[in-house]
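> Sharing a structure here in structure tokens format.
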Amino acid sequence: MPVVRHWFWRSALPRYAATLWGFVVFMPVGVTYAAATLLFMAMLACGRWHERAARLRASPIFWPWVAYVAWTLVVLAIRPHYPQTGENLAHGLRIALTMAMAVMLTREEAVGALRGFIVVAAISVLLIVLKHTVGLPDLQIWRSVTIMTGNKSINNALLFALLGATAAVFGLAYLHRQRRWFGAHGAVAAFAMTLGAVLLVRLALPSRTSLIGLALAVAAACIHQWRKRWDRIALALIVVAAVVALGVWKIPAVQQQQFASGLHELEQAQAGTVSEDSWVSRFYMYRITTQMMLEKPVAGWGIGAWTSQWKARAPAVISYKNMPHDDFLWMGAQAGIPGFVVLLAILLAGLWGGWRRADLAGRLGFVAMLTLLTATSVNSALRDAQIGLALPWIAFVYLRLSQEAGHPWSKVLPGTLRPASGEDAAAAGLSAGAQPPRPL
């Protein structure tokens, strides 16, 4: 009995906690906070910190991550404090902790987290279908999944976009090795899932950021897979561009109006008009926050400074905003250009880690980090906990599996989607037992 209890605490409990966090990423932010806290406590209770620290050190994000944490604390010590300093410091450390916990997972824990994510995504699709067919009661637990209700719904749309890009990566792999895998049928099924994701982020949870992120991720997956075959890259990008053009041409009238309205809003903002419209407010937030960063380029205005500086500078009609919808600029305003650079460097290091591994696991890590980079550039994908406890968690778990040897994704998906042993490694020019790239 003591042996069983010891095994549960050291192995099973963190795995179940990681699976739970993966399972609740579509749910309200309080639930994701609880799951994150449970995993953190499970990691503390179960020990094995030497092994987890070794995995963090082996991750491509390690040195940028250390620089981000260290520079945040330096700025906290040397720059003024504000009423929002405590809150912003907590968000900054929560961002760092989310990244670290994801890349410190064991292989089994990461697999569990992604299984939970895939299961809840399937349930979420079912909820959307039921909502628009037979109807569902308006419950808080699934409201942000079935209707667009702010940043939590944007998070859910981004997660669907990531799933669509994941399916496209598998579809491309099936096409590449169709004689040895179940080939064309698998590719059709995978690309059908990608199309389903497009429909979800166009119709059920309309999100321009998610559509852009999905298109970029699919194009990047083509480049990653055929990096040495420029003829195939060109053909694939032409196909992606044609599909995007067709989508724009056939876009519903409501969304055509949204895009046209967005362009009109930008023209108005450049002409000096101020309003609460999405693209107008973003125009002013990006411009004013960039000015903040350039005025204090060395160490910024201090942790927590953005809100007070924004209220002092912004037009009255949009002065109530509490984040600039670009986390790099948010960090740059508060911690100077070094803060901007170290946060950006974390995501670029993750991208590089995925790029360096030329097989399916590396490709999935690459598109996940690109999706996160896109969302962080045009929304508060790290700073806002409604997104920052879901999308970054899943993206960094993808990155964690890209550092595992062999075929870690063969344990995540049902048996019908598993490649034969050595197939994808052979396609990438690696041996079946090839090690992932050495960390930066």
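> Give the Cα extents of region 124-229 along the principal axes, in whole Å, largest first.
The principal-axis extents, from largest down, are 49, 25, 18 Å.
> Still on this structure, please answer the following. Under 29 Å Cα-Cα from K228, which lysines qualify once same-chain neighbours fewer than 8 residues away are excluded?
Hits, sequence-local ones excluded: K411.
> Continuing with this model, one more query. Based on C-alpha coordinates, I'd like the Rg and Dmax of region 283-346, in Å.
Rg and Dmax of region 283-346, Cα atoms, are 10.7, 35 Å.
> Ok, one more. Rounded to the nearest percent, how much of the accessible area of region 1-127 (1.4 Å probe, protein heavy atoms only) is carbon and sulfur? Mind showing how you got there, number by number?
Values: 4360 of 5780 Å².
Ligands and nucleic acids excluded, carbon and sulfur reach 75 percent.
> Have a look at region 101-181 and give its Rg and Dmax from the Cα atoms, expressed in angstrom.
Values for region 101-181 (Cα only, Rg and Dmax): 16.0, 48 Å.
> Suppose all protein chains stay in the model; what accessible area per residue would a 1.4 Å probe give for region 21-160, in Å²? Numbers along the way, then the final one.
Details: 5830 Å² over 140 residues.
Here the residues of region 21-160 average 42 Å² of exposed surface.
> Follow-up. For K228 and V378 in the same chain, what is the full-extension length gain: residue separation times 0.36 nm, less their Cα-Cα distance, in nm?
Numbers: separation 150, 0.36 × 150 = 54.00 nm, distance 3.13 nm.
Fully extending the segment from K228 to V378 adds 50.9 nm.
> How do the peptides 389-396, 286-293 rank, highest first, by the average count of neighbouring beta carbon atoms within 10 Å per residue? Provide the component values of the computation, followed by the final result.
Working: 389-396: 25.9, 286-293: 18.1.
So the order, starting with the most tightly packed, is 389-396, 286-293.
> Roughly how many Å is it from the Cα centre of region 196-214 to that of region 300-350, as a whole number?
The distance from the Cα centre of region 196-214 to that of region 300-350 comes to 27 Å.
> List, largest first, the extents of the alpha carbons of region 1-117 along their principal axes, each in whole Å.
Per principal axis, max minus min of the Cα coordinates gives 54, 33, 26 Å.
> Suppose every K and R has +1 on its Cβ and every D and E has -1 on its Cβ; what is the size of the dipole of region 1-123 about the Cα centre, in Debye to the nearest 20?
280 debye
The values are calculated or read from the model by the stated rules, or taken from the named source; none is laboratory data. Values in this document were obtained by computation on a predicted structure and should not be read as measured data. In this analysis, Cβ positions are derived from the backbone assuming ideal geometry, glycine residues included, and neighbour counts consider all displayed protein chains. We work out accessible area using only protein heavy atoms, side chains counted, and drop any ligands, DNA or RNA first. Shrake-Rupley method; radii C 1.70, N 1.55, O 1.52, S 1.80 Å.
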